[in-house]
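Quick notes on the structure that follows.
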Protein chains: 2
Amino acid sequence: MTTDMDIALNAELDSIIDIAAGLGLESQDIIPYGWTKAKVPVDVLDKAAETTSDGHLILVTAMSPTPAGEGKTTTSIGLADGLNELARSKPDVGQAVLALREPSMGPVFGMKGGAAGGGYAQVVPMEDINLHFTGDFAAIAAANNLAATMLDNHIHHGNELDVDPRRIHIRRVVDLNDRALRGVVIGLGGLNGGVPREDAFDIVVASEVMAVFCLSTSLTDLKQRLGRIVLAHNRSREPITVNDIGAAGALTALLRSALAPNLVQSLEHSPAFIHGGPFANIAHGCNSLLATKAALSLGDWTVTEAGFGADLGAEKFLGIKCRTAGIWPSAVVVVATLRALKYHGGISVADVQTPNTEAVIEGMSNLEHHCGNLLNIYGLTPVVCFNRFPTDTDEEMTAAIEHLRSKGISAVESTHWADGGKGALALAEAVVEAAGGAEKAGSGARYSYELDRPLEEKIRTIAQRIYGAADVDLPTKVTRKLKQFTDEGYGDAPICVAKTQYSLSTDGSLRGAPKDHIIEVKDVRLSAGAGFVVVIAGDIMTMPGLPKEPSALTIDVTEDGNITGLF
Amino acid sequence: MTTDMDIALNAELDSIIDIAAGLGLESQDIIPYGWTKAKVPVDVLDKAAETTSDGHLILVTAMSPTPAGEGKTTTSIGLADGLNELARSKPDVGQAVLALREPSMGPVFGMKGGAAGGGYAQVVPMEDINLHFTGDFAAIAAANNLAATMLDNHIHHGNELDVDPRRIHIRRVVDLNDRALRGVVIGLGGLNGGVPREDAFDIVVASEVMAVFCLSTSLTDLKQRLGRIVLAHNRSREPITVNDIGAAGALTALLRSALAPNLVQSLEHSPAFIHGGPFANIAHGCNSLLATKAALSLGDWTVTEAGFGADLGAEKFLGIKCRTAGIWPSAVVVVATLRALKYHGGISVADVQTPNTEAVIEGMSNLEHHCGNLLNIYGLTPVVCFNRFPTDTDEEMTAAIEHLRSKGISAVESTHWADGGKGALALAEAVVEAAGGAEKAGSGARYSYELDRPLEEKIRTIAQRIYGAADVDLPTKVTRKLKQFTDEGYGDAPICVAKTQYSLSTDGSLRGAPKDHIIEVKDVRLSAGAGFVVVIAGDIMTMPGLPKEPSALTIDVTEDGNITGLF
């Protein structure tokens, strides 16, 4: 069988200088990392943004996924390649540019594998993108860990700020799935080994530094946001920030080079900015704001994705990132698969490959709920893209597409995984049409809630409008914390909900479009640097573990230096 | 005052493509990291080594230093610039290339600051070299930590290898001074949070992966060495290696890109390979073997340094690295300062800036001991370089130089810190002369001990021949472990002593050239991947801590992106 890795290794890559030139960038404008990767400095992007008008922004999101995922990254890459393929016959379509998240090494060595697309819809060099890439995650880990170190060192050297060791929020991070670090005690090294306390490590993508990095509009904004991160509370329950321990400058120095977005290419040479990758639960789950802005100012079409289903990913993309950046999509692609429809139609995961048109139609309730949200709440035009799998039958596919079209929803099938950009031509055409219609209508940004409403009301609004919940359950501990955040001046912050992606509810086993459910909020956290309030409505794992037989066992390097076993 | 940072930021750097071209490398041969840094792939270096003969190798070492350090890195850079300055008037001298260690971020944010030279003898871009550089240390940390994670995960999932949790040797690492991680308990995250056990973190430069990285001759050799690292012992006291847990391929994949040496330049555009940086106590303390080989095959002169004084750094450089690589220096520069001589002459650190010619001569016992070792044991020609400080008087300097010359030892003063390469012309000329003489004599490699001797005898030989000790004290625990290493097949390994650098003895307060002292060995460890036996004869700190006012507090970034406060 031809693996993703085989396809990627056999690809002929263009020089990154040529890819940059296609975006109007001189070779001296970019910072090469080898000849197929580069960073584009923020000042170069600022200059480009001044002289060009933004292209069309297309968000790729999804219905509530199955555990296998429905292929948002692959579809994003396919769409960009499809748009660029379309432009070959219709030059006025213009150029499509990708804006995607960087993969974490945790899944690479764990279970899920790499995150650079798949089949003939990949970004390359995939082995570099999946392993270290340009070092951004290492820089983010170092910045996060320096803050943690400086805080513990402050306590060790006398604790002038009266930090309460039981109220420390910053956790050290690694970019690995290291379950043994989920719960630790540190500071046991004797008199010079710090002050003992309970602690835990997170994976780097779960850090607030990562969220801050991805929402920053400039180096100055980055420093200000880093400075606001609340590391701990003191014994008077006042917040202790990065600024309080004097670490904002050093953290910014560690992140200075990383902040420039990374440029690579798809297998078909579509330019791709791949930069940042915050968790989609306790953070907002999309690539850096600077990468999206870069794609918007340098290309005619920006194709970007947001983590999980539309209830989480699109909501946070629109309500947090677009609101911060002052941008808005022209259309939204909702990735769906027949297997996910069947799953939401009541079929078990083991049986979703068996043809079953009835179950496909039964599962439409979930997909239609997401499409309805996009249209009615945000005023956005959804385009449903069926990411075709080899086991899908024509009968099921035709029924699914006709069902949606009968409801007035644009729907196409796409074979980019097997066929690359040519397989996504129908999708590209549907997106161009949807974006054209939306831009003619010119409705502009509409959010699911307004920032000036009380925090509790904003949470309830999301639950009822987006998830279709009857209400939210907010324990006293939570309402007390919300009041505290408001008192501390964060009442105007947007909401970032952490809940299961497998259901519109907080119960992962409730499929389709559950009604009358209650969103149970367990806790709330302030991410003062990122600038949002995290609402925890589920068990959120911030440090994954390795399975018994992790992918790391199959990864190897040949004598001539080729990596094998990455998938 | 003009700081190192001011000088570095005002420097006009050549494009790294031009620096590479000066070494005969095409632009497509190198992997640029921006326009002033690059990696040179190992296969390119292998090809170059086949077609050229090696240049002259010059080791820069030092007398027993004061805590402030005597300026080995600065002198190495000055010497390379001095040789290249000399070549401008005498073209047949040829080109000098540096091979140096990469700085750790621990000292950068802690107390010591950066490690890219100083004054007008620096390698640039210093702010990049001191912060992340090309990501090598992050890759080494990730590889080390993946091995640790996989081991704990193996125990969690049933422990088929019967790993004894009390006999785990691998420690997780970070590239920060994080004292709170000196002693920890991990695995406290409940049922899915691993198995609880005592643990500790080290700084990345103290990891065996770092030592392995720096001694590897190829990617294949790297994988084999990584595979041999002993992570733990099982309950039957048998070693559990990286190969046993199936991690060698994944670790090698993480290090594949990092293994290519990094190329930068000095302020005067001398090419500089800066690559790897193992501890000089529990490891061998010099840059990667591949970087040294790269400099040797691409340049006419290779100037390289080894950590600490000559008793530790030169001994390990010669006995471990040169023996592994099959290389040998043509001359050795011994860096000395008047302040270190006065210190060894009995003056307190507070008073070493006060002129005192008598103390200078009194302290010569230390310097002469090191020079005597180099000459008599290794058959190498020492050139003493007085790294001149502004407070040094001409009278002291003349007395020092005349004293050494009267004993037949080549000695010069050098003002590279203030004057760059022009200030090191006398040093360059002395080195060329010494190397010419040595190569004419052609004595070849002579080690302080032969590998085929028993481990215990090798330790005693180093103590008596190099340190001038009367004997070694080996507790039963140590002799038992040495027997075990021998039984396991490591009897032929070289010895890597970890002891104080401030004295030839194991008592840091014994200055000059102490006699009749006993080397007390506390413990021995096998570094099976690196291929040496570590002899611990002192308190070795493998995780430094931050001071109360760490340098991190002064590091900042200006709005236009310049880093300030690095020194």
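Points 7 angstrom from Cα along the Cβ direction at A:Ala21 and A:Arg465: gap in nanometres?
In this crude spin-label approximation the distance works out to 4.8 nm.
How high is the FRET efficiency from B:Glu433 to B:Met1, r the C-beta distance, R0 35 Å, rounded to 0.05?
0.45
Nearest 100 Å², what total accessible surface is buried between chain B and chain A (probe 1.4 Å)?
Its buried surface, counting both partners, is about 5800 Å².
The stretch A:358-451: which trypsin sites (Lys or Arg not before Pro) are DSSP loop and have at most 12 other beta-carbon atoms within 10 angstrom?
Counting only loop positions with at most 12 other Cβ atoms within 10 Å, the trypsin sites (Lys or Arg not before Pro) in the stretch A:358-451 are A:Lys407, A:Arg446.
Tally up the carbon and sulfur contribution to the accessible surface of the stretch B:137-253 as a whole percent, 1.4 Å probe, everything protein left in place.
Taking all protein chains in place, the stretch B:137-253 shows 46 percent carbon and sulfur surface.
Using DSSP, restrict attention to beta bridges with both residues in the protein assembly as shown and report what percent are antiparallel, rounded to the nearest 5.
Around 45 percent antiparallel, to the nearest 5.
How much of the DSSP beta bridge set in chain B is antiparallel, as a percent to the nearest 5?
Once the DSSP bridges in chain B are tallied, antiparallel ones form about 40 percent.
Carbon-plus-sulfur fraction of the accessible area of the stretch B:455-536, 1.4 Å probe, in percent? Present the calculation step by step, with values, prior to reporting the outcome.
Details: 1520 of 3320 Å².
Result for the stretch B:455-536: 46 percent of the exposed heavy-atom area is carbon or sulfur.
May I ask for the distance between the Cα centers of the stretch A:43-85 and the stretch B:433-490, given as a whole number of Å?
Here the answer is 62 Å between Cα centres.
What average number of partner chain Cβ atoms lie no more than 10 Å from the Cβ of the residues making up A:485-495?
0
Do any residues of the stretch A:234-264 lose at least 50 Å² of accessible area when the full set of protein chains is present rather than just their chain alone, and if so which, with a 1.4 Å probe?
A:Ala253, A:Leu254, A:Arg256
Could you give the nm distance between label points at B:Arg405 and B:Thr354, where each point is 7 Å from its Cα heading toward the beta carbon?
Computed distance between label sites B:Arg405 and B:Thr354 equals 3.0 nm.
Pick out, from A:Tyr378, A:Val472, A:Phe137, the residue whose Cα sits farthest towards the positive end of the charge dipole of chain A, with +1 on the Cβ of Lys and Arg and -1 on the Cβ of Asp and Glu.
A:Val472
Whole angstrom only: what separates the Cα centroid of the stretch A:516-554 from the Cα centroid of the stretch B:225-253?
If you average the Cα positions of each part, the centres end up 33 Å apart.
Which residues belonging to the stretch B:526-567 lose at least 20 Å² of 1.4 Å-probe accessible area when the assembly is complete, relative to their chain isolated?
Hits at the 20 Å² cut-off: B:Leu546, B:Lys548, B:Ala552, B:Leu553, B:Ile555, B:Asp556, B:Val557, B:Glu559, B:Gly561, B:Ile563.
For the stretch A:137-253, give me the percentage of DSSP beta bridges that are antiparallel, rounded to the nearest 5 percent.
75
Dipole size in debye (nearest 20) for the stretch B:344-426 around its Cα centre, Lys and Arg Cβ +1, Asp and Glu Cβ -1?
400
Are there any GluC sites (Glu not before Pro) in the stretch B:1-53 that are in a DSSP loop and have at most 15 other Cβ atoms within 10 Å? List them by number. Write out the running numbers ahead of the final one.
Working: sites: B:Glu12, B:Glu26, B:Glu50; in loops: B:Glu12, B:Glu26.
Within the stretch B:1-53, the qualifying GluC sites (Glu not before Pro) (loop, at most 15 other Cβ atoms within 10 Å) are B:Glu12, B:Glu26.
For the pair A:His169 and A:Lys47, how long in nm is the line joining their label points, each one 7 Å along Cα→Cβ?
3.9
About the Cα centre of the protein assembly as shown, how large is the charge dipole given +1 on each Lys and Arg Cβ and -1 on each Asp and Glu Cβ? Please answer in debye to the nearest 20.
2540
If you take all C-alpha pairs in the stretch B:11-140, what percent of them are over 25 Å apart?
34
Show which lysines lie in cross-link reach of B:Lys422 when reach means a straight Cα distance below 26 angstrom and same-chain residues fewer than eight apart are skipped.
Cα-Cα hits under 26 Å: B:Lys37, B:Lys72, B:Lys90.
Keeping all protein chains in the complex and leaving out DNA, RNA and ligands, what accessible area do you get for B:Tyr33 with a 1.4 Å probe, in Å² to the nearest 10?
30
Across the residues of A:142-150, average count of Cβ atoms on other protein chains within 10 Å?
6
Per residue, how many Å² of accessible area does chain A show with a 1.4 Å probe?
About 34 Å² of surface per residue is accessible.
Taking a cut-off of 21 Å between Cα atoms, list the lysines near B:Lys481, but don't count ones fewer than 8 places away on the same chain.
B:Lys481 reaches B:Lys458, B:Lys499, B:Lys522.
From a point 7 Å beyond the Cα of B:Ala426 in the direction of its Cβ, which residues of the stretch B:318-346 have a backbone N at a distance under 20 Å?
B:332-342
Using Cα atoms only, what is the angle between the long axis of helix A:476-485 and the major principal axis of chain A, expressed in degrees (0 to 90) to the nearest 10?
The angle comes out near 80 degrees.
The values are calculated or read from the model by the stated rules, or taken from the named source; none is laboratory data. From a predicted model like this one, the values you see are computed outputs, not experimental measurements. Please note: Cβ atoms are built from the backbone with ideal geometry, for glycine as well, and neighbour counts cover all protein chains shown. In case anyone asks, the SASA skips ligands and DNA or RNA and just uses the protein heavy atoms, side chains included. Shrake-Rupley method; radii C 1.70, N 1.55, O 1.52, S 1.80 Å.
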